[in-house]
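One structure is given below, encoded as structure tokens.
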Amino acid sequence: MTPFPLVVDNLSFRYRDRQGAAIHNISFEAKPGEVLLIAGASGCGKTTLIRCINGLIPRSYKGDMSGEVLVFGGNVKSWKLSQISQKVGTVLQDPERQILGTKVLNEAAFGLENLGMAREEIFQRVDEALNFLKITHLRNRETFSLSGGEKQKVALAGVLAMRPSILLLDEPLASLDPASAQDTLDAVRMLADQGLSVLLVEHRVEDVLRINPERVMFMSEGQVRYLGDAAGLSKVVDYREVKLPAEQIVERAKLDPPPVAIQILPGATKSASKDDALVTFQDVAFGYESEREVLHGINLTINRGDVIAVLGPNGAGKTTFVKHAIGLLKPKSGSVIVDGRDTREASVAEIASMLGYVFQSPSHMLFAPTVHDELAFGPTNMKHAKDQIELEVKEALKMVNLSEKENDPPLALSFGQQKRVSIAAILAMRSRILVMDEPTAGQDYQNYMNFMDAILQMPAFEAILFITHDVDLAAIYANRVLIVNDGRLVADGTPQETLHDFDRLKANRLVPTSLLAMNLKRFNETGRFMRAEALAHI
Amino acid sequence: MLVAWRYRKRENSFIQSFDPRAWVIFYGCFLFATLSFWDVRFLLPFFVIAVFVLLTSGVKWHEMRRAFLFILGFVFFFAILTFLTGRGGTEVYKQEHLIREFRASFSILGWTPALKITVERAFFAVSQLVRVFSIAVMTILIPYSLDPALYGITFKGIGLPDKFAYAMDLTMRFIPTFGRDFQLTMDAQRARGYELDKISGGIIQQVRKLGPIFVPVTIHAIIASEDIIDAMDLRAFGIGPRTWLDVLTYQTRDRILIAFGVLILAASLVVGIMGYGSFWVPESLMKMF
């Protein structure tokens, strides 16, 4: 009998409706008590591997599968999903979509209820799982009222109550603020220390390295490119592909030529009146319900040339604040002035010609049969002339490097490409200010860095504002950082001014990163925050 | 699935003092009993019950204001439409007694617009208003008053199999999630200059112009349901009879409520079979015109 809880032997899989294999000849084993970090670019086969192990492939996702997945020596191919789920627990990427129970207790009990267990045993196991994750105080809370980190732990409790020996986590940190991500990772470490084999798929490699995973697997194009200890990872992968700790990047980048400096907002500096206010918030307060205010006294001016990062915990009011800038929400008191007009007196469509808003998920807006039609939608609504629309569409496609996809259906593109289409749709409207809600969510490191480089160098914009959970993204791309917490503007200043106080970061559920620490240490020398590759050459 | 109906535990709420199964059964009886009448005299007791339940529900006006105004607007709009056009009513009355007729002073292609006010139309509009209002009030209170955590066990408790009961539970909880996605898409398209209130053209053209809303909402709903199915499969849903963690127990008052509901329904059916309860207009009023 095999000593390993999980053995994957020469595993390959091709989805029925796609060409080419999603994963090729993957072999490894997972030991009890280890955290195995699985990293790699979007589309490299990580999720397919997880689906093969938890049995969704071939049961829910059909295709050609070869090789074996052995759980405690048994081939899962012949097992029922209910059998697998008692040995292999899976936590999906978005806890919002995984949580089915209305109360924490019901959620944690869901799997056990399905197995038809006695109620006493269910209560005992649920309490055990909640206690283990130190969330007993949440037992009777309604799941919709939980914070991002709490939701992820509750999803984990629902899986742990089934007492699996192997735990699969598919990008569990994707939607979490830094402090919630750290809480979740601490829980994962604790589980592995108790003897579980944990397979953790994650783009946020640097964050996971903090909990000392025993091994790291790096995948590329459906194959394993590296499998070994964490220290070895930085030697074999390109530091531009995976976000490594800043010290490791500096060490590696020293050997390469310095990165090409990007010119941020080339369009904004052309203006004669540099300090013109584009958007002004004057004492803005707002509440969705009359008795509960969620934004309190926001005062702020967005000036030409500003690249603003908005940081803050889940549920702090960041999106509510930003929706006021385009007039989707109108203040209960105070006013928002966009290009000299009060948003109460202008329609969203009118404001859109000045300020373009890119929503977090492209799937909330893409609808047209072709990318061309998708991009023409905004300018057509704004009654631009037909010839002008054609020109705007072509230019926008060129800027996001998608000219060859003009006649493709946007919904058939990859997530990263869809995100670029959603940006191009705003570009085509010739908006002067770009506002993005978590532009990097769900994208891998290399993709989102290229994406941000491209956006910031576009000549079309006079100011950019983006909401993010990524402290490093704020530090290296923004020239102004806002911290929003509990509906209040807690900090507003240059990245150095807002991010140097680690106690303040902690109070706002932000976690200092190695790159931030390095930038602060070398600030006297550099005078501004830079990416690690650039710091390597100073 | 993490958007909630506006339920909360309300002290001194009449509706919440019952077992949810008892209330659902009573609601079903009330619904079918109300639907079996057009006679406003028979509909009035149902109206009184609905108003009583509303006033004792413990739901504050500001909590339900938007939903209530929407439903009231809807009910009044259709009652007035019926009154003005007479459509719908002609199925329940054959003869009309004219009170007054207004004729336009102009003609369009030989047709002169006219508005006939008849005793039957007026009474039909009142009956329709009372009937639909009573049902709407009882329906609107459900999401405010029934604990979403008990939807599944409630449906199971009234006899549905496990899978159906849980499916009903998920469906009811999916409605507010769907509403949130709809709003998000609406906002995303408005940010691209799309204005729903400015849609014009023929019916087909208007439906086509709703594509920017319905395509993303549908795609999102499909993706979300795939994730939900995965999450359920991965935790052994549907493999056999399931245990329901929550337990509901009938009290005497619940049995009384069910008995009352069944009695109302049975009495209504009997009254209907005996030929009472159909559309009624006071004789004296008809004689006047």
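The values are calculated or read from the model by the stated rules, or taken from the named source; none is laboratory data. Note that the structure is predicted; figures quoted are calculated from it, not measured. Cβ: placed from backbone, ideal geometry, glycine included. Neighbour counts: every protein chain shown.
Numbers at a glance
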{"read-out": "From the options A:ASN407, A:ASN401, residue that is assigned to a loop (DSSP other than H, G, I, E, B), polar (S, T, N, Q), more than 30 Å from A:ARG531 (Cβ to Cβ) and not assigned by TED's automatic domain parsing to the domain that holds A:ILE302", "value": "A:ASN407"}
{"read-out": "Index of the failed condition, A:ILE166 passing every other in (1) over 27 Å from A:SER82 (Cα atoms); (2) modelled with pLDDT of 90 or more", "value": "(1)"}
{"read-out": "Residue in the range B:64-73 that is of a type in the set (Gly, Ala, Ser), surrounded by fewer than 20 Cβ atoms within 10 Å (Cβ to Cβ) and closer than 30 Å to B:PHE279 by Cα present", "value": "yes"}
{"read-out": "Residue in the range B:171-178 that is crowded, with 17+ Cβ neighbours inside 10 Å, basic (Lys, Arg) and either farther than 30 Å from A:MET354 by Cα or modelled with pLDDT of 90 or more (or both) present", "value": "yes"}
{"read-out": "Lone qualifier among B:PHE124, B:PHE30, B:PHE42, B:PHE26 - being at pLDDT 90 or above and within 16 Å of B:SER278 (Cβ to Cβ)", "value": "B:PHE42"}
{"read-out": "Count - residues of the range A:282-304 that are closer than 14 Å to A:THR320 by Cα, surrounded by 15 or more Cβ atoms within 10 Å (Cβ to Cβ) and either over 28 Å from the mean Cα position of the chain (by Cα) or polar (S, T, N, Q) (or both)", "value": "3"}
{"read-out": "Among the candidates A:GLN93, A:GLN86, residue that is within 14 Å of another protein chain (Cβ to nearest Cβ), in contact with a Pro (Cβ under 9 Å, 6 or more places away or on another chain) and not in a loop (DSSP other than H, G, I, E, B)", "value": "A:GLN86"}
{"read-out": "In the range A:210-223, the residues that are on the phi < 0 side of the Ramachandran plot and either surrounded by fewer than 22 Cβ atoms within 10 Å (Cβ to Cβ) or part of a strand (DSSP E or B) (or both)", "value": "A:ARG210, A:ILE211, A:GLU214, A:ARG215, A:VAL216, A:MET217, A:PHE218, A:MET219, A:SER220, A:GLN223"}
{"read-out": "Any chance B:PHE260 is hydrophobic (A, V, I, L, M, F, W, C), assigned to a helix (DSSP H, G or I), in contact (Cβ under 8 Å) with a residue 24 or more places away in the chain and more than 10 Å from chain A (Cβ to nearest Cβ)", "value": "yes"}
{"read-out": "Hits in the range A:504-533 (condition: of a type outside the set (A, V, I, L, M, F, W, C) and closer than 21 Å to A:LYS318 by Cβ)", "value": "A:ARG504, A:LYS506, A:ASN508, A:ARG509, A:PRO512, A:THR513"}
{"read-out": "Restricting the range A:368-394 to residues that are over 12 Å from A:ALA428 (Cβ atoms) and free of Cβ contacts under 8 Å to residues at least 24 places away in the same chain, the residue that is nearest to the other protein chains (Cβ to nearest Cβ)", "value": "A:LYS383"}
{"read-out": "B:ARG41 being out of contact with any helix residue (DSSP H, G or I) (no Cβ under 8 Å at 6 or more places or on another chain) and within 30 Å of B:ALA167 (Cβ to Cβ)", "value": "no"}
{"read-out": "A:MET354 more than 8 Å from chain B (Cβ to nearest Cβ) and touching a residue at least 24 places away in the same chain (Cβ under 8 Å)", "value": "yes"}
{"read-out": "Residue selected from the range A:96-109 under the condition more than 24 Å from the chain's Cα centre (by Cα) and part of a loop (DSSP other than H, G, I, E, B), by the criterion nearest to the other protein chains (Cβ to nearest Cβ)", "value": "A:THR102"}
{"read-out": "Inter-residue pairs, beta-carbon under 6 Å, first in contact (Cβ under 8 Å) with a residue 60 or more places away in the chain and in the range B:62-82, second of a type in the set (Phe, Trp, Tyr) and assigned to a helix (DSSP H, G or I), 6+ apart", "value": "B:VAL75/B:PHE133"}
{"read-out": "Looking only at the range B:192-222, and only at residues there that are at the interface with another protein chain (Cβ under 7 Å from one of its Cβ atoms) and among the hydrophobic types (A, V, I, L, M, F, W, C), the one that is farthest from A:GLU374 (Cα to Cα)", "value": "B:ILE219"}
{"read-out": "Residues that are in a loop (DSSP other than H, G, I, E, B) and of a type in the set (Ser, Thr, Tyr), drawn from the range A:163-198", "value": "A:SER165, A:SER175"}
{"read-out": "Residues of the range B:225-257 satisfying the condition of being more than 8 Å from chain A (Cβ to nearest Cβ) and buried (at least 19 other Cβ atoms within 10 Å of the Cβ)", "value": "B:ASP254, B:LEU257"}
{"read-out": "Count - residues of the range A:135-151 that are modelled with pLDDT under 85 and either within 20 Å of A:HIS203 (Cα to Cα) or more than 12 Å from chain B (Cβ to nearest Cβ) (or both)", "value": "2"}
{"read-out": "Verdict on A:ARG59 being out of contact with any Pro (no Cβ under 8 Å at 6 or more places or on another chain) and without any contact (Cβ under 8 Å) to a residue 24 or more places away in the chain", "value": "yes"}
{"read-out": "Matching option when the condition is farther than 24 Å from A:SER145 by Cβ and crowded, with 19+ Cβ neighbours inside 10 Å, among A:VAL307, A:VAL322", "value": "A:VAL307"}
{"read-out": "Test: residue in the range A:110-123 that is under 27 Å from the mean Cα position of the chain (by Cα) and either surrounded by 15 or more Cβ atoms within 10 Å (Cβ to Cβ) or under 21 Å from A:GLY55 (Cβ atoms) (or both)", "value": "no"}
{"read-out": "Residue that is touching a residue at least 60 places away in the same chain (Cβ under 8 Å) and surrounded by fewer than 16 Cβ atoms within 10 Å (Cβ to Cβ), where the choices are B:LEU54, B:LEU44", "value": "B:LEU44"}
{"read-out": "B:ASP233 in contact with a Leu (Cβ under 8 Å, 6 or more places away or on another chain), touching a residue at least 12 places away in the same chain (Cβ under 8 Å) and farther than 30 Å from B:ASP39 by Cβ", "value": "no"}
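So that you can scan it fast, the table gives a plain yes or no per residue for (1) loosely packed, with under 13 Cβ neighbours inside 10 Å; (2) under 24 Å from the mean Cα position of the chain (by Cα); (3) part of a loop (DSSP other than H, G, I, E, B):
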position: A:LEU227; (1), (2), (3): no, no, no
position: A:TYR239; (1), (2), (3): no, yes, yes
position: A:LYS243; (1), (2), (3): no, yes, yes
position: A:GLU247; (1), (2), (3): no, yes, no
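For every residue, the table says whether it meets (1) among the aliphatic types (A, V, I, L, M); (2) at pLDDT 85 or above.
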| residue | (1), (2) |
| --- | --- |
| A:GLU404 | no, yes |
| A:LEU413 | yes, no |
| A:ILE426 | yes, yes |
| A:ARG432 | no, yes |
| A:GLU438 | no, yes |
| A:ASP444 | no, no |
| A:ILE455 | yes, yes |
| A:GLU462 | no, yes |
